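I have placed the structure first, in the form of structure tokens, so that the comments after it can refer back to it.
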Amino acid sequence: MRLTKIRDKKTLLISSLLMLSTLLISGCTTHTINQDQEELTVYTAVETDQLKRYQWALKKAHPELKIKWVRDSTGIITAKLLAEKNNPQADVVMGLALTSLLVMEQDDLLHPYRPKNLTALKTNFYSQKSTPTWTGMAAWESALCVNTVELKKRNLPIPQSWQDLTQPYYQGLIVMPNPASSGTGYLDVTAWIQLFGEVKAWQYMQALDRNISQYVHSGSKPCKMAAQGETVIGILFGYPGLKLKAQGAPLALIHPQEGLGWEMEASAILKGTKHLANAQKFIDWTVSEAANQAYAQNFALVAHQKIKPEHKGMPLDLEQKLIPHHFDWAAQQRDAILKRWSAQFEH
């Protein structure tokens, strides 16, 4: 009897240990699954210094989200997303030019979602489909960044219009973003076509090309080059010029008088994501008032109706200077426009 009791105790102990082991393994597995569910891969074309601010704001609001950020220029991110359309690697795209997102919408690559508090945004800052496919963050406008010291050395006037940039005395003094890789470059090309008409716009670009020293792959780089004296005039979007000027760079920020092209940074969930709940949580954050306050540090126009950014040196009537921009047309014509531009100006 005593031997039987001892064996029963041993059997009970072994059974208990096995049960405990199973629970521990089960617990570890559950933890791993939960951890995986919190991860998101986010593709973005947001400028690096801006992205740091947004990362901080997102972490404050959602410390549980673990984000793998993949950042590059608009053209590179767009090409990457289109190349991966049969095997998506990202869950969300944030801060990509709306024109690029509309290209993906045409290919049915976006997952429709109506985020919380959507109606707090301006109506032109989100998709008007019954269930939106994208939501806007901020808008940026085309501008010129001019190194006033370098212009004075050459005894040249500050350009005030797009047409001024074709003057022969600016030959070799202008840097512009490459529209094939930069959303800012592409918005300039589409703005000129909408401003001048197709025939005159391509004639304008031919004349402008004679004065361009370099096409670069970033919308902010032309102004950084102008600030450092590496070029005299940069075609860019407005805020980098304002920021560098405030830091003491000898720059003038010019908004050409014919009118300004503009583009919108927007976000969307990618169809096929395996982390839909967290992707929706992320998009809810991108339209929040707190997120828009972060955008307002970098842009004069943001999506949220309550937030009115104020930046010293930015025109008070900036919104009135923006041309009517046909985003669907720009998306539909993107391949054709870029093919023509590359054939004529990439050497």
Criterion violated by His217 - all others in (1) closer than 27 Å to Leu96 by Cβ; (2) in contact with a Gly (Cβ under 9 Å, 6 or more places away or on another chain); (3) modelled with pLDDT of 95 or more; (4) surrounded by fewer than 21 Cβ atoms within 10 Å (Cβ to Cβ) satisfied:
(3)
Out of (1) assigned to a loop (DSSP other than H, G, I, E, B); (2) surrounded by 19 or more Cβ atoms within 10 Å (Cβ to Cβ); (3) touching a helix residue (DSSP H, G or I) at 6+ places or on another chain (Cβ under 6 Å), what's the single condition that is false for Thr273?
(2)
Taking strands (runs of 3 or more DSSP E) that do not extend beyond the stretch 52-148, which have at least 3 residues that are among the small types (Gly, Ala, Ser)?
135-147
List pairs: first residue in the stretch 329-347 and assigned to a helix (DSSP H, G or I), second residue buried (at least 18 other Cβ atoms within 10 Å of the Cβ) and hydroxyl-bearing (Ser, Thr, Tyr) anywhere in the structure, Cβ distance under 6 angstrom, at least six positions apart or on different chains.
Ala330/Thr99; Ala330/Thr190; Ala331/Thr99
Kindly indicate which of Ala57, Ala97, Ala79 is more than 18 Å from Ile283 (Cβ to Cβ), of a type in the set (A, V, I, L, M) and modelled with pLDDT of 90 or more.
Ala79
Residue selected from the stretch 124-154 under the condition touching a helix residue (DSSP H, G or I) at 6+ places or on another chain (Cβ under 6 Å) and within 16 Å of Ile233 (Cα to Cα), by the criterion surrounded by the most Cβ atoms within 10 Å (Cβ to Cβ)
Cys145
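Quick grid of which residues meet (1) touching a Pro at 6+ places or on another chain (Cβ under 9 Å); (2) open to solvent by 50 Å² or more (accessible area, probe 1.4 Å):
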site	(1), (2)
Ala201	no, no
Asn211	yes, no
Glu230	no, yes
Leu242	no, no
Pro250	no, no
Leu260	no, no
Ala266	no, no
Ala277	no, yes
Has the stretch 154-166 got at least one residue that is in contact (Cβ under 8 Å) with a residue 40 or more places away in the chain and in a strand (DSSP E or B)?
no
Quick check on Thr78: is it open to solvent by less than 40 Å² (accessible area, probe 1.4 Å) and among the hydroxyl-bearing types (Ser, Thr, Tyr)?
yes
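The values are calculated or read from the model by the stated rules, or taken from the named source; none is laboratory data. Note that the structure is a prediction, hence the values are computed from the model and not measured. We place every Cβ from the backbone using ideal geometry, glycine too, and count neighbours over all the protein chains shown. Just so you know, the surface numbers come from the protein's heavy atoms only, side chains and all, with ligands and any DNA or RNA stripped out. Shrake-Rupley method; radii C 1.70, N 1.55, O 1.52, S 1.80 Å.
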